[in-house]
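Structure first, then comments.
The values are calculated or read from the model by the stated rules, or taken from the named source; none is laboratory data. For clarity, every value in this text was computed on a predicted model and none was experimentally measured. Backbone-built Cβ (ideal geometry, glycine too); neighbour counts: all protein chains shown. Each accessible area value is taken on the protein alone, full model and side chains, heavy atoms only, with ligands, DNA and RNA left out. Shrake-Rupley method; radii C 1.70, N 1.55, O 1.52, S 1.80 Å.
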Amino acid sequence: GSATDPQSVYARHRREKINERLKNLQNLVPNGAKVDIVTMLDEAIHYVKFLQTQVELLKSDEFWMFA
């Protein structure tokens, strides 16, 4: 296909957006830029779950009883 074919242009734009988002995610995840993409995505999942747990802990009354 031609580089100016609408599907080619769309596909290139989509890949650029995906790569941009992955770079942003790599910057947010601890050590994200030091590992391959699959590992980084796995780390991102674990990190988000960890953060969700921290939020729940901070919302709980038990946490504030001991503070």
Of these, Phe63, Phe50, which one is touching a Leu at 6+ places or on another chain (Cβ under 6 Å) and aromatic (Phe, Trp, Tyr)? Phe63
Can you list residue pairs whose Cβ atoms sit under 9 Å apart, with the first residue in the stretch 6-26 being within 18 Å of Met40 (Cα to Cα) and the second being part of a helix (DSSP H, G or I) and open to solvent by 100 Å² or more (accessible area, probe 1.4 Å)? Count only pairs 6 or more apart in sequence or on different chains. Gln26/Lys34
So Arg14 ticks every box in (1) surrounded by 10 or more Cβ atoms within 10 Å (Cβ to Cβ); (2) among the charged types (D, E, K, R); (3) modelled with pLDDT under 90 but one. Which box is left unticked? (3)
Among the listed residues Ser2, Ser60, identify the single one that is open to solvent by less than 70 Å² (accessible area, probe 1.4 Å) and either touching a helix residue (DSSP H, G or I) at 6+ places or on another chain (Cβ under 9 Å) or touching a residue at least 40 places away in the same chain (Cβ under 8 Å) (or both). Ser2
